[in-house]
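What follows is a set of notes on a single structure, which appears directly below.
The values are calculated or read from the model by the stated rules, or taken from the named source; none is laboratory data. These figures come from a predicted structure and were not determined experimentally. Please note: Cβ atoms are built from the backbone with ideal geometry, for glycine as well, and neighbour counts cover all protein chains shown. Only protein heavy atoms, including side chains, enter the accessible area calculation; ligands, DNA and RNA are left aside. Shrake-Rupley method; radii C 1.70, N 1.55, O 1.52, S 1.80 Å.
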Amino acid sequence: MRKIIALTQRVESIKDIGERRDALSQEWTILAEICGFLPLLLPNRLATVKELLKTQRPNGFLLTGGNDLAAYGGDAPERDEVERFLIRTAVEKRVPVLGVCRGMQMILDYFGTPLQRIEEHVRVEHPLSNGDRVNSFHSWGTAACDFPLIPTAWSADGVLEAVRHENFSWIRGIMWHPERYYPLRTGDIQLIKEVFSL
């Protein structure tokens, strides 16, 4: 039986009709199929998420991209609230969590690392200090992280691109988008399988 990994969703504000929507690119479902897990899409409503987690008990949390954090001008505080709860749950219950782009920013923020504006990291590809070359779609980041996070890769201009928790190896963050590669990259598939023990 395949493991269930809970995925967070971006918040989209449709001004013409005054509607706020939870949304997730279909690329994530394709990634889930290839990596071998079932995606459970979480709404951006904390009370509902708490109820869902009592009955579903996912094997991991994947914090996806999109939306700036509210502390940095973003307009989706309800998403911040849900993702903070998921990180806290991951720590308390030893549930694996992978943060992608905004998800890594949330992990950094949760553990006390402030973010700053980053230039020339939107819709580009760049090399990493670990020999990889990745896509980039973010305008917030940092050059360093505070304990208990440990850096594992930087871009050539010194922006932190990957982290892990020193004591909780099941908490990881990456700034690139693995779901946006066609076909998916072998290294990204291996990373996801490693984090979630797939």
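For this structure, a couple of remarks:
- Highest to lowest packing among 83-93, 68-78, 12-22, scored as the average C-beta count within 10 Å: 83-93, 68-78, 12-22
- Just so you know, the averaged projected area of the alpha carbon convex hull for the stretch 101-157 sits at 3.6 nm².
- Approximating the spin labels as points 7 Å out from Cα along Cα→Cβ, the GLN26-to-ILE4 distance works out to 2.4 nm.
- Nitroxide proxy distance, nm - points 7 Å out along Cα→Cβ at SER139 and ARG180: 1.4
- Span per principal axis, largest first, for the Cα atoms of the stretch 49-138 (Å): 42, 31, 22
- Here the calculated FRET efficiency for ASP75 and ARG45, from their Cβ-Cβ distance with R0 = 22 Å, stands at 0.90, rounded to the nearest 0.05.
- For Rg and Dmax of the Cα atoms in Å, calculated from these coordinates, the label among [x] 18.1, 58; [y] 15.8, 47; [z] 16.9, 54: [y]
- Prolate/oblate/rounded call for the stretch 136-180, Cα gyration tensor, a/c under 1.5 rounded: oblate
- The stretch 148-173 versus the stretch 116-145: alpha-carbon centroid distance in Å: 13
- Taking amide H atoms as placed 1.01 Å from N in the peptide plane, the amide H of LEU7 lies under 5 Å from those of LEU40, LEU41, LEU42, LEU62, each 5 or more residues away in sequence or on another chain.
- Kirkwood radius and radius of gyration were both taken over the C-alpha atoms of the stretch 1-64, and their ratio Rg/Rh is 1.03.
- Volume in Å³ per residue [convex hull over Cα atoms, computed for the stretch 122-198]: 89
- When LEU184, LEU63 are compared by accessible surface with a 1.4 Å probe, the order from highest to lowest is LEU184, LEU63.
- From phi via Karplus (6.51, -1.76, 1.60), per-residue ³J(HN,Hα) for the stretch 40-48 in Hz, x at Gly/Pro: 10, 7, 8, x, 8, 9, 4, 4, 5
- Hz values of 3J(HN,Hα) by residue in the stretch 86-101 - Karplus curve (6.51, -1.76, 1.60), Gly and Pro given as x: 5, 5, 4, 5, 4, 5, 5, 10, 6, 9, x, 9, 10, x, 10, 6
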